[in-house]
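Please treat every number below as a calculation from the coordinates, not as lab data. The structure presented is a predicted model; accordingly, all values stated were derived computationally and were not measured. For neighbour counting, all protein chains shown are included, and Cβ atoms are generated from backbone atoms with ideal geometry for every residue, glycine included.
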Amino acid sequence: MAIMKMGKIRELTDAELKVKLFDHQKELNSERGLLAAGGRTSNPGKLRELKKTISRIMTVTHERKLGIARGAAKAAHQAAPKKS
């Protein structure tokens, strides 16, 4: 799985987020199992990036659950003219 940035994650629907979360968790567990069995991963930084991506996905789902609109509010704030 590739690294997913917050902008891409926020564009996904709830159903797509659920699928991505499951896929990333499955991949993380398989990588951890490989390490526990004494094997090596193809990319040592992959575990860290998987954990970060899972955290990002969980953050966005929690924000949506609470009704926090981060991406839209941030874009509207940046587009607003500055007061002098």
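Summary of computed values
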read-out	value
Pairwise label distance in nanometres, Leu47 with Ile3, each label 7 Å out on the Cα-Cβ vector	1.8 nm
Environment charge at Ser55 (Cβ cut-off 12 Å; Lys +1, Arg +1, Asp -1, Glu -1)	+3
Packing-based exposure ordering (other Cβ within 10 Å, fewest first) of His62, His24	His62, His24
Phi to ³J(HN,Hα) by Karplus 6.51 cos²θ - 1.76 cosθ + 1.60 over the range 42-49, Hz, x for Gly, Pro	6, 9, x, x, 5, 4, 5, 5
Order of Met58, Met4 - criterion: other Cβ atoms within 10 Å of each residue's Cβ, fewest first	Met58, Met4
Mean shadow area of the range 6-79 over all directions, Cα convex hull, nm²	5.8 nm²
